[in-house]
Amino acid sequence: MKYNNIQLARFLSRENRFVAQVELENGVRETVHVKNTGRCAELLVPGYTVALTDAWTPGRKTRFDLVAAQKPGLGWVNIDSQAPNIAMGEWLRTQDYDLIKPEARLGASRIDFYLEREGKPAWMEVKGCTLELEGVGYFPDAPTERGRKHLLELMEAAKTAGAMIAFVIPMPGVREVYANRKTDPKFAETLDLVSRNGVKICFYPCRVEPDGFEITEEIIWKSKER
């Protein structure tokens with residue numbers, strides 16, 4: 001999962017979910033697009049170093065996308081909400097699946113991947129985790145009714161096929177993700193429910209640089225309590 005034309009900048013402020021102000025290395029102030037609508041409050045802090053990719057095309061209002069932030073004491077954290085699916089697609093292509101179908105219809109939703117291996121079907125929904133507290137990842141960083149709906153679709157699919165929720169962790173040193181019960185108790189309750197009803201919970205730690213990241217391993221959560 002690599003970007004072209006990465007450059008560093010100093011974060012100044014976030015105007016809304018989509019737009020932020022940064023200072024480029026040449027001192028020029030620039031309005032940029034934030035590729036994550038979550039809060040990212042612990043990452044998008046005035047003075048922090050951020051990574052931008054030059055994504056200008058005709059008709060765009062902003063030249064740069066803000067895709068990563070450097071958190072003191074942790075390192076680079078990728079916040080591009082589209083990147084976990086790209087990285088997962090790359091990972092899955094190394095895992096001997098016979099069929100990998102992105103954005104497959106399941107019930108009333110589209111699930112990130114439909115997979116087949118040796119005739120056995122499986123469904124995978126991917127979530128990127130960017131919130132770290134004391135070396136542990138937490139999801140979500142803002143309430144997500146859509147995420148809860150995906151979990152319930154996976155639980156239904158688990159009656160006849162494999163089903164997994166895949167937490168991609170694009171930040172260094174973090175190897176597990178817990179439900180953010182304070183921020184979204186409904187999601188946490190639903191994650192508990194589906195984990196008891198056939199949905200596998202998987203963690204995907206990553207090697208992260210300003211210009212991208214890659215999944216390094218798969219960790220399958222096995223405990224019955226979270």
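The values are calculated or read from the model by the stated rules, or taken from the named source; none is laboratory data. Note that this is a predicted model, so its numbers are computed, not measured. No Cβ is skipped: glycine too gets one built from the backbone with ideal geometry, and neighbour counts run over all protein chains shown.
Hey, does the stretch 46-61 have a residue that's more than 19 Å from the chain's Cα centre (by Cα), assigned by TED's automatic domain parsing to the domain that holds Phe167 and surrounded by fewer than 16 Cβ atoms within 10 Å (Cβ to Cβ)? Taking every residue of the stretch 46-61 in turn, none turns out to be more than 19 Å from the chain's Cα centre (by Cα), assigned by TED's automatic domain parsing to the domain that holds Phe167 and surrounded by fewer than 16 Cβ atoms within 10 Å (Cβ to Cβ). Applying a threshold of 8 Å to beta carbon distances and a minimum spacing of six or more residues, or different chains, the list of pairs starting in the stretch 93-119 at a residue that is assigned by TED's automatic domain parsing to the domain that holds Ala161 and ending at one that is part of a loop (DSSP other than H, G, I, E, B) and surrounded by 14 or more Cβ atoms within 10 Å (Cβ to Cβ) reads Leu115/Tyr97; Glu116/Tyr97; Arg117/Tyr97.
Close contacts from the stretch 66-89, counting a first residue that is at positive phi and a second that is buried (at least 16 other Cβ atoms within 10 Å of the Cβ), with Cβ to Cβ under 9 Å and a gap of 6+ residues or different chains, come to Gly75/Met171; Gly75/Pro172; Gly75/Val208. With the structure loaded, tell me whether Leu154 is crowded, with 23+ Cβ neighbours inside 10 Å, farther than 30 Å from Ala55 by Cα and at pLDDT 95 or above or whether it fails that test. The answer is yes for Leu154. Of all positions in the stretch 202-213, none carries a residue that is small (Gly, Ala, Ser), more than 27 Å from Ala9 (Cβ to Cβ) and not assigned by TED's automatic domain parsing to the domain that holds Gly38. The condition of being outside the structural domain of Val208 (by TED's automatic domain parsing), in contact with a Ser or Thr (Cβ under 9 Å, 6 or more places away or on another chain), within 30 Å of Asn180 (Cα to Cα) and assigned to a loop (DSSP other than H, G, I, E, B) holds for Asn36.
The number of residues in the stretch 120-144 being out of contact with any helix residue (DSSP H, G or I) (no Cβ under 9 Å at 6 or more places or on another chain), touching a residue at least 40 places away in the same chain (Cβ under 8 Å) and of a type in the set (Gly, Ala, Ser) comes to 2. Among the residues of the stretch 177-192, those that are free of Cβ contacts under 8 Å to residues at least 40 places away in the same chain and under 12 Å from Leu151 (Cα atoms) comprise Ala188, Glu189, Asp192.
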